[in-house]
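Presented below is the structure to which this report refers.
A short reminder: the numbers here are calculations on the coordinates, not readings from a lab. If you're wondering where the values come from, they're calculated on a predicted model, not measured in any experiment. All Cβ positions, even for glycine, are placed from backbone atoms using ideal geometry, and neighbour counts span all protein chains on display.
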Amino acid sequence: MRCAIYIRVSTDEQANEGFSIPAQKERLRAFCKSQGWKIAGEYIEEGWSAKDLNRPQVQTLLKDIKTENIDIILVYRLDRLTRSVLDLYKLLDTFEKHGCHFKSATEIYDTSTASGRLFLTLIASLAQWERENLAERVKFGTRQMVEQGIRPGSPRPYGYDYKDGKLVVNKNEAKWVKWIFEKYISTGAETIAKELNQMGIRNKKGDHWSGSSIRYILDNPLYAGFLRWDYRGISGGKRVFNDEPILTELQQEDFKPIITKEVYEQTRSLLKERHKNKIRSTTHYPFSTILRCSECGHKYIGRTEIRQPGNRKYRSYSCSGRRKYGICNSSSFSEESMNEAFLNSLEYTLDQPDEIAADRDVDPVDLEQNIIKLQNKKERAKELYIEGDLSKNRYQELMDGYAQEEKKLLEIMNEADEQISTEAISEILENLKDEWNELNFENQKKAIHTLFESITVKVIKKGTAGKSPQPAVLEITD
């Protein structure tokens, strides 16, 4: 029996010896040994919650199960694998399709029977209920604390330090908090962030400031001595903000607000007004956000200016490292310059020899036929074993050999598929180069974002404006 061991610990359980990775590993290995099972793989997840299946090792395990090289999954306890009933159904369905069973080392389950699956589902329901009930209790308790003026445990805000469990003013940071509030009356959040970065001032994590981090400070009532609750939530999978959150005065002796309540209310009103009047562009910039600066690594953002003479529109790309954070000296460049560099790069790429598809002497049809023949051999071996014409050792020996042979065939087939994909991509790039100037901005953007994860560009020569404008010279480095 080929057994896959799955181990998981979430952050708050790592200190608990009963659930630690070494403890689970020791227990599960011993269980396999007692059953005479061969360990086909160990899948270890550290610091992950079981609320969903979006975990790297679970996804790898599911892929390996589909190769049908795993007969059983062993866990220390069911909630190590999942706490969701829906996810459990998905897992059991996948296991059943690929002839894989499930076993817990500390609980009694039998997924080969209907009653066993029902019992397993009931246990998973209880685990999910426990998680959701705990979340509700935490939410209720947090709200009660805020309503009583008690600040729930959370990271210190910029401008304060923790001392003996209380918030005390950090004088060096507090002066910048005041400066931010004073500056916002006449200046935007992005400009404030840029000026702080240029002065070498960093946020509490030691990172550069951004417009959003400045707005977070401006919208935080703690600086005026108040706590807030119910100011944001999740709706339809998206974060939403409540315009009328619950505000309660912080009940802490000797707490010193950095700003007054009047300044906070004035700032919050100004934030709402500017957000309401913010112009949101629907213009498409093909390379925006996917284009990276070779100097600082930040994204390039597309923008349009109106230039004289003739009020003509000038489309360009600016490095957010310079424009947003003020930490880069890379100059902006026109969209025409970027198009030229991109098309030249495509031409260079298509002229290069195709290294991946070099020596293909494998016929995909022959590969498929060989895999079918191998499947027939496996079925025949099973029949002989069931009929008693093959010993258990000989049957296991044959199946191990077939598994290795199948693995090699699948690897060859995957390589062939990758070669085909490379040829298809080359054809797409050729068509894109020929039709680029016929596409509108929206379709250009769709093509770029479908084909590329990122494009790194370097400004070799800055462009010039005036009577005899000169385009920028760019080089795509990655």
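Taking label positions 7 Å along the Cα-Cβ direction at both S186 and E453, the computed distance is 4.7 nm, reported to one decimal. Each label point was placed 7 Å from the Cα along the Cα-to-Cβ direction; for N344 and Q59 their separation is 3.7 nm. Kindly state, to the nearest 0.05, the FRET efficiency for N370 paired with I21, given R0 = 25 Å and r defined as their beta-carbon distance. For N370 and I21, the calculated efficiency is 0.05. The gain in end-to-end length when the N329 to E46 segment is fully stretched comes to 97.8 nm, 0.36 nm per residue minus the alpha carbon separation.
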